[in-house]
Amino acid sequence: MASDHVDVLIVGAGLSGVGAAVHLGRECPGKTYAVLEARSAIGGTWDLFRYPGVRSDSDMYTLGYSFKPWTDPKAIADGESIRRYVRQTAREYDVQRHIRFHHRVVRAEWDSATARWTVHAHRDDTGEDTTLTCAFLFANSGYYRYDEGYTPRLPGVEGYAGTLVHPQHWPPRLDVTGRRVVVIGSGATAVTLVPAMAERAAHVTMLQRSPTYVISLPSRDRFADAARRWLPPTAAYAVARWKNVLLGVANFQLSRRAPGLVKRYLRRAAKGRLPAGYDVDRHFSPRYDPWDQRLCVVPDGDLFAALADGRASVVTDTIDTFTAHGIRLTSGAELPADIVVTATGLNLLALGGMTLAVDGVDVDLAATVAYKGMMLSGVPNFAMTIGYTNASWTLKADLVATYVCRLLRHLDDTGQQIVTPLAPDTDDLAPIIDLRSGYVLRAVDQLPKQGPRAPWRLHQNYPRDVRLMRHGPLTDGVRFARAGVPATAAPSGGNDA
Ligand SMILES: Cc1cc2nc3c(=O)[nH]c(=O)nc-3n(C[C@H](O)[C@H](O)[C@H](O)COP(=O)(O)OP(=O)(O)OC[C@H]3O[C@@H](n4cnc5c(N)ncnc54)[C@H](O)[C@@H]3O)c2cc1C
């Protein structure tokens, strides 16, 4: 059994974990840290997902790190470019040597007497169990299960003779050339897969139970291209990033304040890209308001182009049963399929499945309230990264990492060792994730809550969070203490919470 100690233990070497390590190295250079990563590679999501066409659906000027300009001309980038960018960052900022691969964190136990976490990890490669200790635990473990995507009950699937695939486990040698493909789903993955497979398949059908808002955006950002021509890379990146942040905020606010207007705009935009007479209302006009679920972005209208030239089609219907050679629908229609792709989503998982205990008592995540969207009430020296639901994940990840570094420096400056958010005194709590998507609703009762106002409320607003996280107070709603003060002790004075 190996055992050692670091100041900060980062869980996960995806986009967020690598970014967190860079922030730590730059903003708290004296701190020791390690990154425990369950898999054998850097990149998380961008290493795991390998389906045809896999790409971002937000622009890379906001999905990229604040400290490392995205210089590729493609604003909406393919999975491999993003994977390369994360790996390059890890190499360039000397993060790589801190990563311990094949370490799946399963449990972390806080002890107030020593002001330390004891973190238990299982090594999938050797079967060994490892223990480390740290002063601060920083979870960057994403938000979904890696081992299994979500597949709903598919009636009659056991009698299906074709190939059934989930995008999370794409068979590397699957050849779709000349095959008839049905993609079940209408989310970001489905709208990516359909045009990508339609390039070689005989035909691709997107089978959706209900429509999603789909919007076409240019894969290249002309404003960013111009900025790159005139400005040094760092300035060009910052300008493009803020332009996209502000556009995103404006679009979101408009969707919230005038949903009817935005609905009409999205419908008109889709109609303009589809052939005359296409049933836009049936296939592209959801019943919910824009941003009740994430909008799906298609670069340069690739999905609409595949539909317009007949290589792909959308069917809005429900599955009656699988047959040996395809799917029979409730309407009675049959969809022949050599390959069926279940683009039916993710299984949400908090903290990468690790359990927490504080002074011998297990933490019930659903009973905690998220502080500034990144710490948990009653859990000392702990932070987690959860990105925005209405903007790029990394915008929030960067802010969380900066805030953690400010907090660590504040502890050192004031001679304290422990910082614990104190639960707000209110029953007015709401789910931490405000989307109405199926994957959120399936898991929301296992997740932390948010409160009615700052610092317990998530505003999903980057400019506002910049003020709060980079420049706002560090002492509101938390208790600072030295080692030896139990996490459950009543707060003492000297704290302006
Ligand atoms: C297909 C797809 C496309 C997406 N596109 C976008 C997009 O365009 N824009 C956007 O903003 N967001 C997008 N997202 C959300 C996306 O997940 C984030 O943008 C970002 O990749 C999250 O990074 P992360 O490092 O926080 O999490 P992940 O990428 O999930 O990485 C988490 C890492 O932690 C490791 N880990 C997990 N649990 C443990 C454990 N217990 N012990 C040790 N290691 C552990 C994992 O192995 C993984 O390496 C997309 C998600 C998916 C699935």
*Sort out for me the Cα centre separation of region 340-401 from region 95-153, rounded to whole Å.*
13
*List Thr131, Thr394 from most exposed to least, where exposure is judged by having the fewest other Cβ atoms within 10 Å.*
Thr131, Thr394
*Kindly put Thr133, Thr126, Thr344 in sequence by how many other C-beta atoms sit within 10 Å of each C-beta, fewest to most.*
Thr126, Thr133, Thr344
*Which whole-number percent gives the relative contact order of the chain, counting Cα pairs below 8 Å spaced six or more residues apart?*
20
*asked:* Considering only C-alpha atoms, what is the centroid distance from region 33-57 to region 185-251, in Å?
replied: 20
*asked:* Bins of 10 Å, beginning at zero and ending with the bin holding the largest distance: percent of Cα pairs per bin for region 408-474, please.
replied: 17, 36, 35, 12, 2
*Inter-label distance, nm, simple model (7 Å from Cα along the C-beta direction), Thr488/Ala276*: 7.4
_Cα gyration tensor category, rounded, prolate or oblate, for region 2-75 with a/c compared to 1.5_ = oblate
*So for Ile76, Ile10, fewest C-beta neighbours within 10 Å to most, what's the order?*
Ile76, Ile10
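Quick check: from the Cα gyration tensor, does the chain come out rounded (a/c under 1.5), prolate or oblate?
Numbers: a/c = 1.81, a/b = 1.61, b/c = 1.12.
The shape class here is prolate.
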*Could you check what % of the DSSP bridge pairs in region 196-328 are antiparallel, to the nearest 5?*
25
*Farthest toward the dipole's positive end in the chain, which of Ala227, Tyr439, Trp110, given Cβ charges of +1 (Lys, Arg) and -1 (Asp, Glu) about the Cα centre?*
Ala227
*Kindly state, to the nearest 0.05, the FRET efficiency for Arg153 paired with Val315, given R0 = 22 Å and r defined as their beta-carbon distance.*
0.70
_Cβ-defined net charge surrounding Ser112, 12 Å radius [Lys, Arg +1; Asp, Glu -1]_ = 0
*Report, in debye and to the nearest 20, how large the dipole of region 443-488 comes out about its Cα centre when Lys and Arg carry +1 and Asp and Glu carry -1 on their Cβ.*
160
*Computed FRET efficiency, Cβ-Cβ of Arg229 and Arg470, R0 25 Å: what is it to the nearest 0.05?*
0.25
*Quote the convex hull volume per residue of region 162-310, based on C-alpha atoms, as a whole number of Å³.*
152
*For region 272-354, just the Cα atoms, rotate onto the principal axes and tell me the three extents in Å, largest first.*
51, 37, 23
*Can you give the charge dipole size of region 273-340 about its Cα centre, rounded to the nearest 20 debye, using +1 on the beta carbon of Lys and Arg and -1 on the beta carbon of Asp and Glu?*
40
*Put +1 on the Cβ of each Lys and Arg and -1 on the Cβ of each Asp and Glu in region 404-487; which of Gly477, Ala487, His459 then has its Cα farthest toward the positive end of the dipole?*
His459
*Just for the chain, what percent of DSSP beta bridges are antiparallel, to the closest 5?*
45
*Farthest positive-ward along the chain dipole, Cα basis, beta-carbon charges - from Gly310, Ile339, Val379*: Gly310
_Alpha-carbon gyration tensor eigenvalues x 5, square-rooted, for region 334-389, Å_ = 37, 14, 9
*In nanometres, what is the gap between the two model label sites at Asp125 and Asp362, each 7 Å from Cα along Cα-to-Cβ?*
3.2
*Report the full-extension gain for the segment Thr330 to Trp242: residue separation times 0.36 nm, less the Cα-Cα distance, to one decimal in nm.*
27.0 nm
*Cross-chain or 8 or more residues apart, Cα under 18 Å: how many lysine pairs in the chain fit that? Count them up, please.*
8
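Read-outs throughout are calculated quantities, based only on the coordinates presented, and are distinct from any laboratory measurement. The structure displayed is predicted, hence computed values, not measured ones. Every residue, glycine as well, gets a Cβ built from its backbone with ideal geometry; the counts of neighbours run over all protein chains shown.
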